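**Student:** A single structure is presented below for examination.
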Amino acid sequence: MELTHLAFFLGTAANARVVEALEKAGFRPKVSHGYVVQQLLLGPRSVSELASALEVTQQAVSKWVAEMAALELLRDAPSDDARVRRVELSARGQASVDASRKARAVLETKLQKALGPRRFAAAQTALEEALEALGELEAVKARRVKPGR
């Protein structure tokens with residue numbers, strides 16, 4: 001099977017397990033919310049800033065922000081301009097990030113045990129090099145991955 005398919009299916013399986021862990025922890029995760037969270041980990045953002053960073057419409061971001069606010073994952077952040085709404089992660093939003101990180105750590109440990117430390121490290125290096133070859137590694141490291149089209 002092609003490396004790109006294997007990487008995609010590994011990521012899909014990992015995300016499914018993270019979503020399951022988040023649901024068990026009382027969160028209602030949506031993939032689109034994850035892209036917003038990644039941006040908000042860098043600090044408060046306006047809808048316009050989020051839309052620009054994610055290369056989607058302000059309407060799409062407004063919808064996601066409304067959904068996330070209803071789930072108490074976001075709160076309004078201070079803004080120098082009263083006309084501009086800025087948002088940031090709430091305590092509940094940060095708790096969802098913490099739960100996600102914990103679930104991913106469990107997966108990493110499981111994969112390290114299954115592959116052994118040397119093969120795990122080699123697989124990690126190979127995937128990083130593959131992302132670099134496609135010109136995507138910096139976007140991943142800088143939390144600038146955009147929603148799939």
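**Student:** What FRET efficiency, computed as 1/(1 + (r/R0)^6) with R0 = 22 Å and r the Cβ-Cβ distance, is obtained for ALA130 and GLU108, rounded to the nearest 0.05?
**Tutor:** Calculated transfer efficiency: 0.75.
**Student:** Another question about this same structure. Along the Cα→Cβ direction, 7 angstrom out, place labels at ALA139 and LEU115. What is the inter-label distance in nm?
**Tutor:** For ALA139 paired with LEU115, the spin-label model returns 2.3 nm.
**Student:** Right, here's the next one. For an R0 of 35 angstrom, estimate the FRET efficiency from the Cβ-Cβ distance between ALA91 and ALA13 and round to the nearest 0.05.
**Tutor:** On the way: r = 30 Å, r/R0 = 0.86.
My answer for the efficiency is 0.70.
**Student:** Computed from the coordinates I sent, percent of Cα pairs over 25 Å apart equals one of [x] 21; [y] 36; [z] 64. Tell me the label.
**Tutor:** Recomputing percent of Cα pairs over 25 Å apart here gives the entry labelled [y].
**Student:** Among ALA66, ALA121, ALA77, which one shows the highest mean-square fluctuation when the chain is modelled as a Gaussian network with alpha-carbon springs under 10 Å?
**Tutor:** Ranking ALA66, ALA121, ALA77 by mean-square fluctuation puts ALA121 first.
**Student:** If you place +1 on the Cβ of every Lys and Arg, -1 on the Cβ of every Asp and Glu, and leave all else neutral, what size is the dipole of the chain about its Cα centre, to the nearest 20 Debye?
**Tutor:** The calculated dipole for the chain is roughly 440 debye.
The numbers here are math on the coordinates, done by the rules we state, and not lab data. Everything quoted here is computed from the prediction, not taken from an experiment. Glycine also receives a Cβ, built like all others from the backbone with ideal geometry; neighbour counts cover every protein chain displayed.
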